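Here the structure comes first, spelled out in C-alpha cells, and everything after it is commentary.
The values are calculated or read from the model by the stated rules, or taken from the named source; none is laboratory data. No experiment lies behind these values; they were computed from the predicted model shown. All Cβ positions, even for glycine, are placed from backbone atoms using ideal geometry, and neighbour counts span all protein chains on display. Ligands, DNA and RNA are excluded from the accessible area calculation, which covers all protein heavy atoms including side chains. Shrake-Rupley method; radii C 1.70, N 1.55, O 1.52, S 1.80 Å.
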Amino acid sequence: MHLPENLVVLRKKWKLNQVEFGELIGANQHTVKRIEAGAQECPLSVVLKLEELSGVSVWRLVNRKIEARDLPAVPGQVYRKEIEEVNEPVGEE
C-alpha cells in the first residue's frame, strides 16, 4: 500500500505542514502524522478528500506511488497526467 508515502508527497508538493494539511483534509495533526508513519489506517473520508483535491483516483492513491512532478501545484487543480491504468475484470481471462 502506497497511501502513507503518497500523503507525504502530496503534503510536501503543496508546501504544507502536518497541521495545515490536516485542516485541508479534515484530520488533526496527530492523525496525519500517524497515517504518514503507517501507524494508523487512513479514514475513507480522508482518502476521498485527497482524491477530490489532487485529482488522483483513490485506487492510484492506495496502489501506486505518485510522483510530485505529476501533481497539481495547489490543491483543487486538475491532475495533469492522464492515467490509463484499468482494473482487470474479476473472473475474466
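Of all the numbered requirements in (1) within 27 Å of His30 (Cα to Cα); (2) of a type in the set (S, T, N, Q); (3) at pLDDT below 55, Asn63 misses one, and that requirement is (3). Residue pairs whose Cβ atoms lie under 7 Å apart, separated by 6 or more positions or on different chains, with the first residue in region 45-57 and at positive phi and the second open to solvent by less than 20 Å² (accessible area, probe 1.4 Å), are Gly55/Pro72. Scanning region 6-42 for residues that are farther than 18 Å from Val74 by Cβ, open to solvent by 20 Å² or more (accessible area, probe 1.4 Å) and under 12 Å from the mean Cα position of the chain (by Cα) yields Glu36, Cys42. Looking across region 29-76 at every residue that is part of a helix (DSSP H, G or I) and hydroxyl-bearing (Ser, Thr, Tyr), the one that is nearest to Leu10 (Cα to Cα) is identified as Ser54.
Residues in region 66-80 that are surrounded by 12 or more Cβ atoms within 10 Å (Cβ to Cβ) and at pLDDT below 65: Tyr79 only.
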